[in-house]
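Asks: Below you'll find the structure I mean.
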Amino acid sequence: MAPLSILPGRMRLESQELVGKPHVCRYLQKHIIHYMNGLTEVTVNHITGRILVRFDERQIDRQDLTQRIRQIMHEALANASEDGQSLAGEKNSMSLTTRSALHAITDMVAHAIFPKPLNTLIPMAIKVTMGR
């Protein structure tokens with residue numbers, strides 16, 4: 001976990017361990033908020049792996065807060081691995097299966113409905129627009 005920006009009452013951290021793990025991010029956000037008085041905002045983003053914390057510096061020491069965030073993140077990652085939660089992996093495998101089924105259905109429909117030149121071009125155009 002690395003600090004990206006530290007301003008009075010505001011801290012942004014980044015951890016690649018959070019990327020693609022929304023369940024870990026939710027756990028982290030929930031437990032940071034309940035950590036202590038003086039926190040005004042906590043946002044954890046599973047897409048970027050960034051944590052934004054706004055707090056009252058008169059009530060919270062920045063070093064203590066950073067250490068507590070590290071502990072909570074470690075707990076969240078440990079709980080996720082113990083539970084066998086690999087939601088990022090499941091999501092990718094599901095989306096791959098879903099994409100394969102979608103392509104097969106698109107190909108069948110295109111071959112059944114469109115005349116000969118279009119039944120080849122339409123599935124290719126759909127694949128290009130979907131990024132395949």
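Quick note: the coordinates plus some simple rules give every number you see, no bench work behind them. Quick caveat: nothing in here was measured; it's all calculated off a predicted structure. So basically every Cβ, Gly included, is an ideal-geometry build from the backbone, and we count neighbours across all protein chains shown.
Asks: Roughly how many whole Å is it from the C-alpha centroid of the range 64-78 to that of the range 3-52?
Replies: 10
Asks: I need the phi-derived Karplus couplings for the range 48-53: 6.51 cos²θ - 1.76 cosθ + 1.60, θ = phi - 60°, integer Hz, Gly and Pro marked x.
Replies: Computed from phi, the couplings for the range 48-53 are 9, x, 9, 10, 10, 10 Hz.
Asks: Determine which residues of the range 35-63 fall in the zone a paramagnetic label at residue 26 would reach in this model, i.e. backbone nitrogen under 18 Å from the point 7 Å along Cα→Cβ.
Replies: 42-50
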